[in-house]
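Enquirer: I'd like to ask some things about the structure below.
The values are calculated or read from the model by the stated rules, or taken from the named source; none is laboratory data. All values derive from a computational prediction rather than experimental measurement. We place every Cβ from the backbone using ideal geometry, glycine too, and count neighbours over all the protein chains shown. These accessible areas exclude ligands, DNA and RNA; they are computed on the full protein's heavy atoms, side chains included. Shrake-Rupley method; radii C 1.70, N 1.55, O 1.52, S 1.80 Å.
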Amino acid sequence: QRRDMGIEYRVSSRTAVMLASPFLSRLCRPSVVSAMGAACKASLCRSSMRSIHIPRSMPRHRSWSLLFGGAVATGVAAWASVAYANDMQEETSTLPALRLLPTALATSKLPSRPFDTNLIADIAEKAMDSVVTVSDASLRGLGTGFIIDDAGVILTNHHVVNHIHGKIFVKLSDGTTMQGTLVGSDPGSDLAVIRVQPKSKLTALPLGSGKVRVGDWVISIGHPFTLTNSVSVGIIGGVSRRLTENTPFHPSTDFLQTDAAMNPGVSGGPLINTNGEVVGVCFGKALLADGVGFAVSVHTVKQVVPQLLQHGRVLRPYVGMSIVYITPQIAAEEKRLNKDFPNVDSGILVTKVSWSTPASKAGFKAGDVVTSINGEPVKTISELHAALGFKVNESLTVEVKRNNESIQLKLVPEPLKST
């Protein structure tokens, strides 16, 4: 049809395919060519025609060339659409998992659990009866503690009682204030035990089993900034943390990481799981960081508290040798310098043995590589301290590699004189 600025020709999709077929027959299978008319109509041509606009001033032979070229281009587009659809059909047919993905996602939902909206409040309300304020003679709260024995045994942090010069006072949740006696304190684990003499039995918090997973919900209770019985909720962000760099903590002390609030005054308070059990003792938070708090794990609590009650301090094993953790780089360098170095890539390398110590009496020598203690594999410093634990005056079987030979030594750690 004629227009003011030129002539517009309309070419049907079927005509376009017919004109392009001689060219496309060299590029694809006959079945594809035969299906192009229907494919063009179904997938490319929402209307039955496509328009090609030709300027009025263009010569006739050039206009027919442009018309023919446009028809071929339309047919090529139709062929590309059909080929793409066929390829996608073939590809998805070989990947049934993709076609079933929505169904798979729908059937792999996490098991639904009923959530008690009063759970946190109920646990906190019950636990508050066991949470106390630890203060000095001024009765100004310096920290938190909690009752672990109904006879009057209270657990708190070492750094809380270490700041008290003079008498220690404990304020119960009902407002009753009693003078306490420091039973024992351990800077290596930052734990301390206080005893009071109540007129009646107190409410104690149960200690958990120590089975804690990353992501578990936890509740901290304490007295931050003298705001008594403050509750915070978070999750466990990490387990088995070791805070030994530039700190007085012993390498065997196990910390939990949590984003529950750990503001000043919460130190010594309980970190409780959703079963109402203590899983840690609130310690503090990382400087220059939000949501990175730490608590001494109940695993360490169960090892330290009995010793504080019995000895007033913690008896840790003393061996008397210097060690270093073996990395593949250290092992390669040692093998280069000493052809008799054991063929190991991990373990604990003994670098020095002090005279007249448990290590020298057991027969350790510099260059030995400790591989296990009492049958437990030892590859890192943390594993070594875990294997030693709090074993004092107890015979341990230590397997070492010496000049590519495995030998067993009997080690009897002595109590460490100072912690």
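Enquirer: Using only Cα positions of segment 156-289, each an equal point scatterer, no hydration layer, compute I(q)/I(0) via Debye at q = 0.15, 0.16 Å⁻¹ and quote the log10 values to two decimals.
Expert: Evaluating at q = 0.15, 0.16 Å⁻¹ gives log10 I(q)/I(0) of -0.79, -0.90.
Enquirer: Leaving out ligands, DNA and RNA, and with a 1.4 Å probe, what % of the accessible surface on segment 124-244 is carbon or sulfur? All intermediate terms of the calculation are to be shown ahead of the outcome.
Expert: Working: 2950 of 5840 Å².
The nonpolar share, carbon plus sulfur, comes to 51 percent.
Enquirer: Rounded to the nearest whole Å², what accessible area per residue is found for segment 153-202 with the 1.4 Å probe?
Expert: In whole numbers, segment 153-202 has 48 Å² accessible per residue.
Enquirer: Once the Cα atoms of segment 157-211 are picked out, what are the Rg and Dmax in Å?
Expert: According to the Cα coordinates of segment 157-211, Rg and Dmax are 12.9, 38 Å.
Enquirer: On to the next question. Given the peptides 391-401, 190-200, arrange them by the average over their residues of other C-beta atoms within 10 Å, most packed first. Walk me through the intermediate numbers first.
Expert: On the way: 391-401: 16.8, 190-200: 19.3.
Ranked from most to least packed, the peptides come out as 190-200, 391-401.
Enquirer: Right, here's the next one. Cα gyration tensor of segment 278-375, axes a ≥ b ≥ c as square roots of the eigenvalues: rounded (a/c below 1.5), prolate (a/b > b/c) or oblate?
Expert: Because a/c hits 1.5 or more and a/b fails to exceed b/c, segment 278-375 counts as oblate.
Enquirer: Turning to a different aspect of this structure: Which one of 363, 330, 349 has its Cα pushed farthest toward the positive end of the charge dipole of segment 315-419, where Lys and Arg give +1 and Asp and Glu give -1 at the Cβ?
Expert: So the residue furthest toward the plus end is 363.
Enquirer: Continuing with this model, one more query. Assuming R0 = 30 Å, what is the FRET efficiency of residue 404 and residue 356, from their Cβ-Cβ distance, to the nearest 0.05?
Expert: It comes out at approximately 0.55.
Enquirer: Right, here's the next one. What nm distance separates the two modelled labels at residue 149 and residue 327, each placed 7 Å from Cα along Cα→Cβ?
Expert: If labels sit at residue 149 and residue 327, their model points lie 4.6 nm apart.
Enquirer: Separate question: Longer than 20 Å from Cα to Cα, which of 352/391; 352/379; 379/417; 365/401 are they? Say none if no pair is.
Expert: Violating the 20 Å limit, Cα to Cα: 352/391; 379/417.
Enquirer: Cβ neighbours within 10 Å, averaged per peptide: list 152-164, 367-379 in order, most packed at the top.
Expert: Working: 152-164: 21.2, 367-379: 18.1.
Ranked from most to least packed, the peptides come out as 152-164, 367-379.
Enquirer: Starting with the highest mean, order 255-262, 204-211 by the number of other Cβ atoms within 10 Å, averaged over the residues of each peptide.
Expert: Top to bottom by mean Cβ count within 10 Å: 255-262, 204-211.
Enquirer: Treat each spin label as a single point 7 Å out from the Cα along the C-beta direction, and report the residue 211 to residue 414 distance in nm.
Expert: Here the answer is 4.1 nm between the modelled labels.
Enquirer: Full-extension gain between residue 311 and residue 118, please, as 0.36 nm times their residue separation minus the C-alpha to C-alpha distance.
Expert: Roughly 65.3 nm would be gained on extension.
Enquirer: Please give the direction-averaged projected area of the C-alpha convex hull for segment 189-241, in square nanometres with one decimal.
Expert: 5.8 nm²
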